[in-house]
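Here is the structure we will look at, set down as structure tokens.
Bear in mind that the values in this text are calculations on the coordinates, not laboratory data. Please read these numbers as outputs of a predicted model, since none were measured by experiment. Here Cβ is always computed from backbone atoms with ideal geometry, including for glycine, and neighbour counts include all displayed protein chains.
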Amino acid sequence: MNPRVFKGARDFLPEQMLHRERITSVMRSVFKKYGFAPLETPAIEYLDTLTGKYGEDADRLIYRLDYKIGSKDAAALHYDLTVPFSRVMAMNPHLAIPFKRYQIQPVWRADRPQPHQGRFREFTQCDCDVMGTKSMVVDAELIAITYEVLKVLGFENFLIKINNRKILNGLTQYAGLTAEFTGEICRSIDKLDKAPWEEVEKELEEKNIPKTAIEKIKALLLGKNLSIENLRIAFANIPLALEGLDELTEIFKLLEIFEIDSKNYTFDLSLARGLDYYTGPIFETKLPLHPHIGSLTGGGRYDELIGLISGKEMPAAGISLGLDRIYTAMEQLNMLSDIKTSTKVLIANFSSETYVPSLQLLHQLRAIGIPTEFFPEQAKMKKQFSYADKLSIPYVLILGEEELKMGKISLKEMKSGDQILIEINDIEKEISK
RNA sequence: GACAUUGUAGCUCAGUUGGUUAGAGCAUCGGUUUGUGGUUCCGAGGGUCGUGGGUUCGAGACCCAUCAUUGUCCCCA
């Protein structure tokens with residue numbers, strides 16, 4: 001048998017896991033700061049919980065299990081974390097509303113993997129959702145969380161695009177079309193960040209959208225002053241679109257209060273997002289300088305999804321931060337150091353005479369909180385130093401016979417190669433320099 | 001699903017119009033006389049050239065098929 005990893009899935013070696021853990025720990029601390037509490041749901045769900053929520057295209061990407069196919073108990077791996085969370089809400093009416101949860105788990109999509117773009121079949125989503133309120137404060141907070149996490153991780157040139165499904169529905173009406181065209185139109189104009197208008201226009205023509213409608217859309221999208229205020233005039237007779245514009249105005253006001261740098265977010269009428277369940281504001285983060293990397297985060301308001309599952313209405317909004325996208329971006333932007341272990345000090349295994357004192361030293365260092373390891377084999381010094389070097393362990397401590405006689409220890413700083421003889425009690429001071 | 005790309009050592013690749021026993025760098029392991037890595041020097045292991053068939057005296061190179069890979073599109077985190 002040939003050992004291989006499932007296509008689109010990956011092993012994460014320690015040097016990758018250390019970074020992934022750091023990224024998720026930044027997220028966890030920001031999520032908690034905004035008042036979110038953790039939740040976990042099963043990797044596996046009944047198929048009927050998942051189907052019919054995302055739209056036709058996405059439904060085909062659900063990983064169905066070869067188990068009780070065709071029956072009510074057919075199962076699948078979850079496609080995202082939003083729908084399982086909505087199921088939890090439908091099943092637990094006793095929870096205090098508004099309910100704010102975060103959830104960090106892998107999800108599966110039967111997609112064609114494209115690693116360079118950060119696209120996989122198994123990947124980790126880091127979600128924050130709020131159920132039970134229509135307040136735009138929540139939507140603004142979700143954007144603030146996205147901003148804060150990316151900032152703390154060291155991203156500078158990211159852009160959170162903001163739009164509203166209500167405005168997009170209004171756009172269809174504005175063009176003189178019925179609501180059923182909204183999806184097709186959105187999918188086409190969504191490409192405007194990558195493709196020129198001519199291509200989008202061609203696509204719209206192929207979808208049999210009337211010329212007059214295309215012209216109206218073009219005039220609006222390519223118009224010089226594509227601001228919320230100007231859209232208000234264009235959409236003056238479309239109440240739903242006006243409602244969407246009001247919501248965005250409110251969000252932008254809140255983002256200012258939260259001191260989100262305005263260079264990191266923008267209103268983008270061409271942002272559509274593929275999932276069917278969004279009903280209001282929608283968000284997506286891209287790196288404008290690296291357009292080939294897919295969106296780092298995405299989210300929006302889905303006021304009708306819970307109703308779809310439980311029959312009881314409950315407004316909701318959420319975001320998903322893509323751990324793998326963020327990791328891929330950081331990797332390609334050289335934002336990751338080459339750390340391979342958390343160990344700060346390696347104590348060399350010198351001889352049988354120094355065995356016990358070395359282990360006492362090991363215990364002593366761990367007791368004061370210094371991540372320390374002892375080389376378990378009595379190998380040649382060369383081998384032990386080369387181990388420290390490979391793992392980029394910053395310090396090696398040698399407690400050999402000579403040091404033992406003097407009652408001191410040798411401390412070598414690996415990067416510079418400098419080695420000094422110090423008192424045991426001075427270790428903490430020396431390595432924190 | 002559509003179009004394109006590439007399959008030679010663990011990795012990155014070379015391999016000249018087909019011609020002995022298929023090479024390099026990196027990585028791995030060992031040695032460099034035994035208390036010091038990352039830098040020197042020496043050495044070793046590791047490939048049925050994706051798979052199956054065909055052309056030929058002869059195929060890693062050419063032809064067909066097949067599988068896989070990678071990229072773009074679609075869609076998304």
Check your understanding: Given the rule -39500 (n - 2.57) for each run of at least 4 DSSP H residues, summed and divided by the residues of chain A, what is its mean residue ellipticity at 222 nm, to the nearest 500 deg cm²/dmol?
Key -> -12000 deg cm²/dmol
Check your understanding: Using 7 Å Cα-to-Cβ label points, what is the A:I233/A:A74 separation (nm, one decimal)?
Key -> 5.3
**Study point:** Length-normalised contact order of chain A in % [C-alpha pairs under 8 Å, at least 6 apart]
**Key:** 16
**Study point:** Rounded to the nearest 20 debye, dipole of chain A from Cβ charges on Lys, Arg, Asp, Glu
**Key:** 440
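Which value, in debye to the nearest 20, gives the size of the charge dipole of region A:345-431 about its Cα centre, when Lys and Arg are +1 and Asp and Glu are -1 at the Cβ? The partial results should precede the final answer.
Details: 10 positive and 13 negative charges, 57 e Å.
With Lys and Arg at +1 and Asp and Glu at -1, about 280 debye.
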Exercise for review: At 0.36 nm per residue, minus the direct Cα-Cα distance, what do A:T51 and A:S416 gain on full extension? Give it in nm, one decimal, please.
Suggested key: 125.5 nm
Exercise for review: Give me the angle, in degrees from 0 to 90, between the Cα long axis of helix A:14-33 and the longest principal axis of the Cα atoms of chain A, rounded to the nearest 10.
Suggested key: 60
Check your understanding: If each of A:N208 and A:K33 carries a label point 7 Å out from its Cα toward its Cβ, how far apart are those two points in nm?
Key -> 5.3
**Study point:** Order of A:W197, A:W108 - criterion: other Cβ atoms within 10 Å of each residue's Cβ, fewest first
**Key:** A:W197, A:W108
Exercise for review: Any of A:K33/A:K194; A:K340/A:K433; A:K340/A:K382 with alpha carbons more than 27 Å apart? Name them for me.
Suggested key: A:K33/A:K194
Exercise for review: Name the residue farthest towards the positive end of the dipole of chain A from the options A:P281, A:I217, A:T328, assuming +1 on Cβ of Lys and Arg, -1 on Cβ of Asp and Glu, about the Cα centre.
Suggested key: A:T328
Check your understanding: Could you give the angle, 0 to 90 degrees to the nearest 10, between helix A:323-332's Cα long axis and the longest principal axis of the Cα atoms of chain A?
Key -> 70
Exercise for review: Please arrange A:S320, A:S135 by counting, for each residue, the other beta carbons lying within 10 Å of its beta carbon, fewest first.
Suggested key: A:S135, A:S320
Check your understanding: Using a simple charge model, +1 on the beta-carbon of Lys and Arg, -1 on the beta-carbon of Asp and Glu, nothing else, what dipole does region A:269-375 show about its Cα centre, in debye to the nearest 20?
Key -> 160
Point to revise | Inter-probe distance in nm under a simple model that places probes 7 Å from Cα toward Cβ, at A:E21 and A:R112 | key: 3.7
Check your understanding: Could you put A:C186, A:C128 in order, starting from the residue whose Cβ has the fewest other Cβ atoms within 10 Å?
Key -> A:C186, A:C128
Study note, to complete from the structure: Nearest 10, in degrees from 0 to 90: the angle of helix A:381-390 to the longest Cα principal axis of chain A is 20
Study note, to complete from the structure: FRET efficiency (A:L359, A:E156; Cβ distance; R0 45 Å; to 0.05) is 0.45
Review point. Okay, which of region A:340-367 sit inside 14 Å, backbone N to the point 7 Å along the Cα-Cβ direction of A:K390?
Key: A:340-341
Check your understanding: Got a sec? Which residues in region A:13-43 would a label at A:I257 touch, if it sits 7 Å along Cα→Cβ and we count backbone N under 17 Å?
Key -> A:34-35
